Amino acid sequence: MKVLFLTMAGISNVSSRGIYTDLLRTFRDEGHEVVVMSPIQRRENQKTFVKKEDNVTIVRVRTLNVEKASVLEKGIGQLLIEQQFLKAVKKFLKNDSFDLVLYSTPPITFSAVIKYVKKRDNAYAYLLLKDIFPQNAVDMGMIRNGSILHRFFKRKERKLYALSDTIGCMSPANKEFLTKHNPEIAEDKIEINPNTIVPIVQAPQKDESVLEKYNLPIDKKIFVYGGNLGVPQGLDFLLDVIEQSSFDTVHFLIVGSGTQYLKLKAWFSRKKPSNATLFSALPKEDYDRLLGSCDVGLIFLHPNFSIPNFPSRLLSYLEMKMPVIAATDENTDIGSYIENYRCGFWVKSGDIDSFMAKTRKLLSANDAEFEKYRENARQLLFDNFTIEKSYNSIMLHMVNHSSHKKRK
C-alpha cells in the first residue's frame, strides 16, 4: 500500500518521536510505502525538494512562514499552502498512485490536494482531527463569530469533512462535538482515533545530574509544564499558581516556546519567583532526561474553549509515569481519563483553591500511594494511547476499501 501524508509540521525525517512520526514509521515498518509532504518555510531560504530519509520519501514544499510569523503572513501562508502542495503533487508525484491520503488538522485548507489525489488514484481519505477550526479561533477571540472570515473558513471546514471518507476524533467529547455541530456528516464516518505513540519500553529513573546541570532542586517535587506556550494554553492561570503556591516542597518548571514565551519571560524577570524556573528550547536529549526526572505533569487550557481539546503532551507525561494535574475548560474530557484511571486530578481553569487542594493531595501521598499514581499513569497510556490503536483503525478501513476497489 502507498500512503501520502499531508502535514503542516516541518517533518524532515521520521526518526524523531511524536504522534505523527510514530504512526508513519509504523506504516513503513509494516511494509507500506510512505510519502510525506511537509512545508519548508520562507525563512529557511530553500526551494521545494524531494529526498529519501529512513526509507520514507519526503517532499518539502516551499511556503511562506506559517509558524512563528506575523498574523498576516501566517494567514496568507495557510491560504496559499493548498495550491503550493497541489502544484508539488502534480510535479513531483505525478507517476505515483496512492491508496491512502492521510492528513490532520490544522490546517483545513488541503481540500484541493485531497480531492485531486482521491479522483486521480481512487485513494481513501482519512482525517486525523486534532483541531476544530475556525471555532477554536472564535473561542480565543481571534475571529468574530459570523464574520466574513469566519464564514469563509466554515465553508473550508465543511468541504474538508465532506471529502474525508473517515474522520478520526481524539476522544468521545471530540466525536460528540463534531456530530452535534455538523449534523450533515454521516455518523458512521466519524470514529475515535486518539493521539497515540510508540512508548519507550521502560520509564527512566530520576537523573539528579541533569537537575543539577539546570540548577533545579533535587530535594523537591518538580511540577513540569512542557510544550507550547500560546494563548490557547491560558497560561495566566499557571502564573497565578506559581505566585500563590505556598508549598515549600514544590518547584515549578516551564519548558517551551510560543507566542506567550516573552510574556512569561518578562513576568519571571519582574517577579523573580524562587519556586519556579523558565526555559525555552533545550537540547532534545536533555529535555527527555529532564522530563524523566520530574514528578508531576501539568496541563493548562484556556477557560474560554467551547471545543474539547485533548493536548498530546499528556502522553509524554504518562510515558514518564508522572501523575498529572489538568487545569482546563469544562468541555474537554481529558480530565475524565486522568481521574478515571486515578493517575491525577482535573480542576477548572482559574479555580486556584481547587488546584492547591489537588496539589496538597498529591504531596500528602506516601511513597506507596505516589507509586500507585505513577503505575496508573503508565496503565492509562498502554490501555488507550499506543500507536496500534491508530494504525489498526486506519488499516481496517483500507482492507474494506481495497475489497471494494477489487469488486469494481
Residue span Leu396 to Asp286: 0.36 nm per residue of separation minus Cα-Cα distance leaves a gain in nm of 35.7 nm
For the range 63-159, listing trypsin sites (Lys or Arg not before Pro) in a DSSP loop whose Cβ sees at most 10 other Cβ atoms within 10 Å gives Lys94
Mean projected area, convex hull of alpha-carbon positions in the range 267-338, reported to one decimal in nm², is 6.1 nm²
Taking Phe98, Phe247 and counting other beta carbon atoms within 10 angstrom, the fewest-first order is Phe247, Phe98
The size of the Cβ-based charge dipole (Lys, Arg +1; Asp, Glu -1) of the chain about the Cα centre, to the nearest 20 debye, is 2100 debye
A correct fewest-to-most ranking of Ser12, Ser104, Ser269 by other Cβ atoms within 10 Å would be Ser269, Ser12, Ser104
In this structure, the FRET efficiency calculated for Lys47 and Ser16 from their beta-carbon separation, with R0 = 30 Å, to the nearest 0.05, is 0.80
Scoring the chain by relative contact order with C-alpha pairs under 8 Å, at least six apart, yields a percentage of 13 percent
The answer for the per residue Cα convex hull volume of the range 145-220, in Å³, is 222 Å³
Taking 0.36 nm per residue of separation between Arg158 and Gln205 and subtracting their Cα-Cα distance, the length gained on full extension comes to 12.2 nm
Taking r as the C-beta separation of Glu33 and Lys94 and R0 as 22 Å, the FRET efficiency to the nearest 0.05 is 0.85
Simple spin-label estimate for Lys348/Leu72, 7 Å along Cα→Cβ, in nm, reads 4.1 nm
Per the charge dipole of the chain (beta-carbon charges, Lys/Arg positive, Asp/Glu negative, Cα centre), the residue among Leu301, Ser280, Asn95 reaching farthest to the positive end is Asn95
Note: Asp131 to Ile192 extended length (0.36 nm per residue) minus current alpha-carbon separation gives 20.6 nm
Measuring from its Cα centre, the range 148-297 shows a charge dipole (+1 at each Lys and Arg Cβ, -1 at each Asp and Glu Cβ) which, in debye to the nearest 20, is 780 debye
In degrees rounded to 10, the 0-90 angle between helix 261-271 Cα long axis and the longest Cα principal axis of the chain is 10 degrees
Taking R0 as 22 Å and r as the Cβ-Cβ distance between Leu79 and Thr259, the FRET efficiency 1/(1 + (r/R0)^6), rounded to the nearest 0.05, comes to 0.65
Links exceeding 29 Å between C-alpha atoms in this model, out of Lys74/Lys348; Lys2/Lys189; Lys87/Lys175, come to Lys74/Lys348; Lys87/Lys175
Taking max minus min of the Cα coordinates of the chain on each principal axis, largest first, gives extents in Å of 67, 43, 43
Checking the range 341-401 for chymotrypsin sites (Phe, Trp or Tyr not before Pro) in a loop per DSSP with at most 12 other beta-carbon atoms within 10 Å yields none
In terms of the alpha carbon gyration tensor, root eigenvalues a ≥ b ≥ c, rounded if a/c is under 1.5 and otherwise prolate when a/b exceeds b/c or oblate, the range 208-384 is rounded
For the range 280-408 the translational diffusion coefficient, Stokes-Einstein from a Kirkwood Rh over Cα pairs at 4 °C and viscosity 1.567 mPa s, in µm²/s, is roughly 78 µm²/s
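Every number here is computed from the coordinates shown, using simple stated rules; none is lab data. Bear in mind the structure is a predicted one, so any value in this text is a computation, not a measurement. Methodologically, a virtual Cβ is constructed for each residue, glycine included, from the backbone with ideal geometry; neighbour enumeration extends over all protein chains shown.
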